[in-house]
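Notes follow the structure.
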Amino acid sequence: MLLVVDSLETGGAERQVVDLAVALRRKGCEVAVACSVAGELSDVLGDAGIPVHPLLRRLVKRRLSAAYAWRLRRLLRRERFDLVHAHIYASTAAAAIATLGTGALLVITEHTEASWQGWRARWISRWVYRQAKHIIAVSTPIERRLIERDGLSPDRITVIPNAVVPASEVRSDAHPALPAGLRPLVGVVARLQREKGVANFLEAAARVAPLLPEAHFVIAGDGPLRQELEILAENLGLKSRIRFLGFRSDASALIESMDVLVVPSLTEGSPLVTLEAMAAGVPVVASAVGGIPDQVRHGEEGLLVPPGDTEALGEALLDLLRDPGRARRLGEAGRRRATSEFGHATMVGRIEDVYRAVLGRPAARSIAPEEPELRTTR
């Protein structure tokens, strides 16, 4: 089978594709990954013995690329995959065109509510969905969008929340440790772009800082807004209290060192960083947006605030930082929920169930124990 994603640069959807490919390979599936361009995550696939096919010299994102579709179609005719699983708008559009007349069956995973789409992208998306045999939504708001906005029948959609691999299986490169004594430590791990709401985090931190002089803040991640955010932090008087760490391949280990993880996004799908914090027993303060309320229940595994409400975000941080016992209880509840409801093996198994249904193969329980759960040929 072939997994298709816009790139193998570090991002939530990209990590989901890579982790899924590695898990399927370990279970005996023959799997390959195609993308418009390679990236940092390519090495993970190479180490697992999974072929990677970068098809272009520049990233295709949020647009329909005839060149991407044509090269993907050429790959499908050469390798003869029987199932294609595409992720993210540009790749789902290319895959829908590329699979026409090839005999390869198409499954799509929708990772966002697609609030950025104008009328043209919406029209293309609706055409793409008609070509797919099944659509996976990573959250209930995305499922609702597919039904209400795009007119899909509910029986063509399966909601399968994202999941993270156990921390013991995560590969990371060594980074300098944070200086000792940064306690309590509040952090954000995100790409520095507008929809991640990092500016709102800085505004909330500026509310917390004078009331809790011992609190420190970190931002892990890079992106187009880094310089703008560094200037904002300085203007807010946070220069001595905050560290911009840039991209960190050891983000999971970094999260474990935090007292609170903040997810201040203005729009989201089903963010992995939330699940990483929960799995590490770190309480979460997050925007009640997208699939986050599917992951974190307010007052049970963390605290949810309206997106863009910096006052509410600051108050939620103060609540947890002033009551370490409550923060610890929320973190432990998050760990239990991450283990019981968002296990990676469970997610992979549910995706395999979709593959079997599309391919017309028996359910897993009818397969002999000595046989692989699912095999797809190339």
Between Ser249 and Ala357, with labels modelled 7 Å along Cα→Cβ, what's the label distance in nm to one decimal, could you check?
-> 3.8 nm
Could you give the angle, 0 to 90 degrees to the nearest 10, between helix 12-26's Cα long axis and the longest principal axis of the Cα atoms of the chain?
-> 50 degrees
Provide, as a two-decimal number, the C-alpha radius of gyration of region 211-296 over 2.2 N^0.38 Å, N being how many residues it has.
-> 1.14
Gain in span if fully extended, Leu232 to Asp155, counting 0.36 nm per residue against the direct Cα distance = 23.0 nm
Helix 198-208 vs. the chain, principal-axis angle (Cα, 0 to 90°, nearest 10) | 20 degrees
Calculated from backbone phi, Karplus (6.51, -1.76, 1.60) coupling profile of region 332-342 in Hz, x at Gly/Pro = 5, 5, x, 4, 5, 5, 4, 5, 7, 10, 10
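Can you tell me the order of 302-312, 144-154 when each peptide is scored by its average per-residue count of other Cβ atoms within 10 angstrom, highest first?
302-312, 144-154
Could you work out Rg/(2.2 N^0.38 Å) for the chain, with Rg from alpha carbons only?
For the chain, the normalised Cα radius of gyration is 1.00.
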Region 175-341 shape via C-alpha gyration tensor axes, a/c threshold 1.5 = rounded
Just tell me which lysines come within less than 26 Å, Cα to Cα, of Lys133; anything on the same chain fewer than 8 places away is out.
-> Lys27, Lys61
Mind giving me the nanometre distance, one decimal, between the label points for Arg144 and Thr102, set 7 Å out from Cα along Cα→Cβ?
-> 3.5 nm
Counting Lys and Arg as +1 and Asp and Glu as -1 over every other residue whose Cβ sits under 12 Å from the Cβ of Leu313, the net charge comes to -4
Given H placed on each backbone N at 1.01 Å, which residues far from Glu110 in sequence or on other chains put an amide H within less than 5 Å of it?
-> Ile136, Ala137, Val138
How much length is gained if the chain between Leu56 and Glu311 is pulled fully straight, taking 0.36 nm per residue apart and subtracting their Cα-Cα distance, in nm to one decimal?
-> 87.3 nm
Mind checking which of Leu152, Ala345, Val208 is farthest towards the positive end of the chain's charge dipole, using Cβ charges of +1 (Lys, Arg) and -1 (Asp, Glu) about the Cα centre?
-> Leu152
Pick out, in residue order, every one of the trypsin sites (Lys or Arg not before Pro) in region 1-103 that is DSSP loop and has at most 16 other C-beta atoms within 10 Å; say none if there are none.
-> Lys27, Arg57, Arg58, Lys61, Arg62, Arg63, Arg80
Within region 72-123, DSSP-loop chymotrypsin sites (Phe, Trp or Tyr not before Pro) with at most 13 other C-beta atoms within 10 Å are Trp116
Rounded to the nearest Å, the spacing of the alpha-carbon centers of region 240-263 and region 74-94 is 35 Å
Efficiency of FRET between Thr346 and Trp127 - r from beta-carbon atoms, R0 25 angstrom, step 0.05 = 0.20
Using only Cα atoms, find the angle between the long axis of helix 66-79 and the longest principal axis of the chain, and express it within 0 to 90 degrees, rounded to the nearest 10.
-> 60 degrees
On full extension of the chain, what length is gained from Glu256 through Gln117, given 0.36 nm per residue of separation minus the C-alpha to C-alpha distance?
-> 46.5 nm
Three principal axis extents, largest first, for the C-alpha atoms of region 56-132, in Å?
-> 36, 27, 18
Mind telling me which of Ala86, Ala277, Ala233 comes out most flexible in a GNM of the chain, alpha-carbon contacts under 10 Å?
-> Ala233
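Every number here is computed from the coordinates shown, using simple stated rules; none is lab data. All values reported here derive from a predicted model rather than from experimental measurement. Every residue, glycine among them, receives a Cβ derived from its backbone with ideal geometry; neighbour counts consider all protein chains shown.
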